[in-house]
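The values are calculated or read from the model by the stated rules, or taken from the named source; none is laboratory data. Note that the structure is predicted; figures quoted are calculated from it, not measured. As a convention, Cβ positions derive from the backbone with ideal geometry for all residues, glycine included, and neighbour counts pool all protein chains shown. What goes into the accessible areas is simple: the full protein's heavy atoms, side chains included, and nothing from ligands, DNA or RNA. Shrake-Rupley method; radii C 1.70, N 1.55, O 1.52, S 1.80 Å.
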Amino acid sequence: MGKGGMSIDDHVEQQNMAAWLVGINSLKIQPFNLPTLGPHDVRIRMKAVGICGSDVHYLKTMRCADFIVKEPMVIGHECAGIIEEVGSEVKTLVSGDRVAIEPGISCWRCNHCKLGRYNLCPDMKFFATPPVHGSLANQIVHPADLCFKLPDNVSLEEGAMCEPLSVGVHACRRANIGPETNVLIMGAGPIGLVTMLSARAFGAPRIIVVDVDDHRLSVAKSLGADDIVKVSTNIQDVGEEVKQIHNVMGAGIDVTFDCAGFNKTMTTALTATQPGGKVCLVGMGHSEMTVPLTPAAAREVDVVGIFRYKNTWPLCLEFLRSGKIDVKPLITHRFGFSQKEVEEAFETSARGGNAIKVMFNL
């Protein structure tokens, strides 16, 4: 909601419109009143907004995990735009700057924030997480310190991709990925793919990607996976599949990223990772799982969780600027900002198929 107030900013010359989630499978483009610009805020004209799996989940069920949509909410949180106005105390940005936007506003007062782990702030106000409005709108207001100027050779679409890419970067930091880390990735959806790209940028010498879908695996291979393994959805197959994964890797698996978060993917991850290795749980497919934790503990396999990200935008932008990571092939579908196109875009994202990242160009 930017910051989410209700009074129209005097400087907005035309009515600000946004995509509102008003019910199950119901999105409407309607007026969105901006808050007054604070001294440390900026007003941004949105130019690129991506659709995340959580956006689709909210559309289909009006909830995501424990977050429940109880009243109409503006959707969207993967975004970039152009600064149109700056608050009186903003020194680092000017009108016309192109920026990527970090969508979570933490309190900066709790112990988590003070210790630098602001992603764990219990009072986080995060775009399109009820009751906070999102960013699929003509304009938003947001704190300037959460807006990061784009390098000249990085597009606005790439800037919006910093949000999903941040998940992969944060996961790699949590798992201490480096040039001596062989990596297994469970799941070749958007988050699995950005985790793969991040692991490579962090120096991982060998990366194997596992999925149930041939198309997703072919995309992973085209984006730089050293090898791919197709698996089934049957948990009885884990033993044989782990043997296949080991044969393909040809070395010990130091870190496995479970980017799906299901019983079977986590069971495979815990079983495949070598003694002393790490399993990083990135995906949250199931809120509860039955997994072989005791055998993994006996092999001193560490299990690491991640939640969103912290301090990732500068590194993401440097990876994009330097060419260490190319997110452009992930953007498979583009739509404008009309009622019809918003509906079609979400249908495309929900359908899956060959869609990886669906992007709005506003």
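Under the condition of being within 20 Å of R45 (Cα to Cα) and either open to solvent by less than 20 Å² (accessible area, probe 1.4 Å) or free of Cβ contacts under 8 Å to residues at least 24 places away in the same chain (or both), the residues counted in the range 98-118 number 6. Selection of the range 183-229 for residues being in contact with a helix residue (DSSP H, G or I) (Cβ under 9 Å, 6 or more places away or on another chain), more than 20 Å from G261 (Cα to Cα) and not β-branched (V, I, T) yields A201, F202, A204, R206, S222, L223, G224, A225, D226, D227. Just one of the numbered conditions (1) surrounded by 14 or more Cβ atoms within 10 Å (Cβ to Cβ); (2) farther than 16 Å from T195 by Cα; (3) in contact (Cβ under 8 Å) with a residue 24 or more places away in the chain is not true of C316: (2). Just the residues that are within 13 Å of P103 (Cα to Cα) and either open to solvent by less than 10 Å² (accessible area, probe 1.4 Å) or of a type in the set (D, E) (or both), please, taken from the range 166-192. Across the range 166-192, the qualifying residue is only S166. Listed by position, the strands (runs of 3 or more DSSP E) inside the range 181-274 whose residues that are out of contact with any Gly (no Cβ under 7 Å at 6 or more places or on another chain) number at least 3 are 183-186, 207-211, 227-230. Each residue in the range 30-50 was checked for being under 22 Å from I331 (Cβ atoms) and open to solvent by less than 50 Å² (accessible area, probe 1.4 Å), and 5 of them qualify. Within the range 276-305, restricting attention to residues that are in contact (Cβ under 8 Å) with a residue 40 or more places away in the chain and open to solvent by 80 Å² or more (accessible area, probe 1.4 Å), which residue is farthest from I208 (Cα to Cα)? Top of the filtered list is S287. The set of residues in the range 257-315 that are over 19 Å from I207 (Cβ atoms) and of a type in the set (F, W, Y) comprises F262, F307, Y309, W313.
Scanning the range 322-340 for residues that are surrounded by fewer than 16 Cβ atoms within 10 Å (Cβ to Cβ) and outside any strand (DSSP E or B) returns S322, G323, K324, D326, K328, P329, G336, S338, Q339, K340.
Listed residues G159, G168; which is of a type outside the set (A, V, I, L, M), at pLDDT 95 or above and farther than 17 Å from V282 by Cα?
G159
The residue list T273, T268 contains one member that is in contact with a Ser or Thr (Cβ under 7 Å, 6 or more places away or on another chain), buried (at least 21 other Cβ atoms within 10 Å of the Cβ) and more than 24 Å from A18 (Cβ to Cβ), which is T273. When each of A128, A137 is tested for being touching a residue at least 12 places away in the same chain (Cβ under 8 Å) and touching a His at 6+ places or on another chain (Cβ under 6 Å), the lone residue that passes is A128. When the test is whether a residue is touching a strand residue (DSSP E or B) at 6+ places or on another chain (Cβ under 8 Å), open to solvent by 50 Å² or more (accessible area, probe 1.4 Å) and at pLDDT 95 or above, Q236 does not pass it. Quick check: anything in the range 149-158 open to solvent by less than 10 Å² (accessible area, probe 1.4 Å), within 28 Å of K28 (Cα to Cα) and of a type in the set (A, V, I, L, M, F, W, C)? Checked the range 149-158: no residue is open to solvent by less than 10 Å² (accessible area, probe 1.4 Å), within 28 Å of K28 (Cα to Cα) and of a type in the set (A, V, I, L, M, F, W, C). Among the residues of the range 51-87 satisfying the criterion of being of a type in the set (D, E, K, R) and open to solvent by 10 Å² or more (accessible area, probe 1.4 Å), which is nearest to E347 (Cα to Cα)? Out of the qualifying residues, it is K60.
Please work out if G134 is part of a loop (DSSP other than H, G, I, E, B), open to solvent by less than 10 Å² (accessible area, probe 1.4 Å), modelled with pLDDT of 95 or more and closer than 22 Å to R45 by Cβ. Against the criterion (part of a loop (DSSP other than H, G, I, E, B), open to solvent by less than 10 Å² (accessible area, probe 1.4 Å), modelled with pLDDT of 95 or more and closer than 22 Å to R45 by Cβ), G134 qualifies.
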